[in-house]
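Let me begin by presenting the structure, written as structure tokens, before commenting on it.
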Amino acid sequence: MLGIIGGMGPQAGNTLFNCVLKHTKASKDQDHLPIVLWSTPDKIADRSEFLLGKTKTNPANVVGNIALQLHQLGVTIIGIPCNTFHAQPIWRKLQQKTSHHPALQIINIVNATATEIANQHLKAKVGILGTMGTYKYNVYGKALNNLKIPYINPNDGEKTQLHQAVYDVDFGIKAIGKISDESLQIVLHHIEQLSSQGATVILLGCTEFSLLPITLLPNNIVFINPVEVLAKAMIMAYKTNLLIN
């Protein structure tokens, strides 16, 4: 059974759930995969605030407990649709909490995305959109470096603006649950900036950016949505487990 730990973004869990449905080959209800979506946003500390030192509460503690409860329900494959959660101080703690359950597979959204880029866009230069937590720990940069894929991060001022597009209390995506006009203009501007620096692939390194309207994005750039990649990786892991077992 698949498990989704949502609540880390206004639409994160729902988006991943719909992506799994979208990428599952099915001709009837029974062909779809069994999924448990667990979303308790009120219990999970903000990932960026932890990484930036604004809170000492590591969100991996609660998420680790949720993962173990899902495992008790029969879940063997888990996806966590939050890019920032995969920064090492959080991800490492989650691994520690779940290490005694080898049958539980938690797919790393960052590694899966970097691998897909390497397989499908090897000669690309990748521009990374994210928030301050992912930039501080260079979450995607390290993964791309390991695969020798060149990448571009925005400068410090641009990083602050992108973070604001997600977190601003008045127009941020987390505050209103959708892309506001202000957030859209910020993101489109920085896509243009990264493209002008040679980026041919734009990585949407924050779950909230998966809500961007596709029709308004430049059609001369490839956009990589890690939530879509994670969905496909979960489906593949499920099929592999069926073959093994």
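Report ³J(HN,Hα) in whole Hz for each residue of segment 197-208, in order, from the Karplus equation J = 6.51 cos²θ - 1.76 cosθ + 1.60 where θ = phi - 60°; Gly and Pro get x.
Calculated HN-Hα couplings, in order: 8, x, 6, 10, 10, 10, 9, 7, x, 9, 3, 4 Hz.
What list of whole percents do you get for P(r) of segment 6-145, with Cα-Cα distances grouped in 5 Å bins up to the one holding the largest distance?
Reading the bins upward from 0: 2, 9, 17, 21, 21, 16, 10, 4, 1, 0.
Give me the lysines in straight-line cross-link reach of Lys56: C-alpha distance below 24 Å, same-chain residues under 8 apart excluded.
Lys43, Lys93, Lys97, Lys136, Lys159, Lys174
Find the accessible area per residue for segment 22-165; the probe is 1.4 Å, ligands and nucleic acids are left out, and the unit is Å².
So segment 22-165 comes to 50 Å² accessible per residue, rounded to a whole number.
Counting Lys and Arg as +1 and Asp and Glu as -1, each charge on the Cβ, what is the dipole of the chain about the Cα centre in debye, to the nearest 20?
Values: 20 positive and 15 negative charges, 174 e Å.
So the dipole magnitude of the chain works out to roughly 840 debye.
With only alpha-carbon atoms counted, please give the Rg and Dmax of the chain, in Å.
Both quantities, over Cα of the chain: 17.4, 51 Å.
On the accessible surface of the chain, probed at 1.4 Å, how many percent belong to carbon and sulfur atoms?
51 percent
Whole-Hz ³J(HN,Hα) for each residue in segment 215-225, computed from phi via Karplus 6.51 cos²θ - 1.76 cosθ + 1.60 with θ = phi - 60°, x for glycine and proline: what do you get?
For segment 215-225, the Karplus curve yields 5, 9, 8, x, 8, 9, 10, 8, 10, 10, 9 Hz.
Go through 165-171, 126-132 and give me the packing order, highest mean Cβ count within 10 Å leading.
Numbers: 165-171: 17.1, 126-132: 25.4.
Highest-to-lowest ranking by the protection proxy: 126-132, 165-171.
So for the chain, taking the charge dipole from beta-carbon charges (+1 Lys/Arg, -1 Asp/Glu), which of Leu70, Met132, Gly7 sits furthest toward the positive end?
Leu70
Once amide H atoms are built 1.01 Å from N in the peptide plane, which residues 5 or more positions from Leu37, or in another chain, come under 5 Å H to H?
Ile4
How much net charge surrounds Ser48 when only other residues with a Cβ under 12 Å from its Cβ are counted (Lys, Arg +1; Asp, Glu -1)?
That works out to +2.
Taking DSSP loops as anything outside H, G, I, E and B, show the longest stretch in the chain free of trypsin sites (Lys or Arg not before Pro) there with at most 14 other beta carbons within 10 Å.
Answer - 179-245.
The values are calculated or read from the model by the stated rules, or taken from the named source; none is laboratory data. Because the structure is a prediction, the values reported are computed rather than measured. Every residue, glycine as well, gets a Cβ built from its backbone with ideal geometry; the counts of neighbours run over all protein chains shown. The protein model used for the area step is the full one, side chains on, heavy atoms only, and it has no ligands, DNA or RNA in it. Shrake-Rupley method; radii C 1.70, N 1.55, O 1.52, S 1.80 Å.
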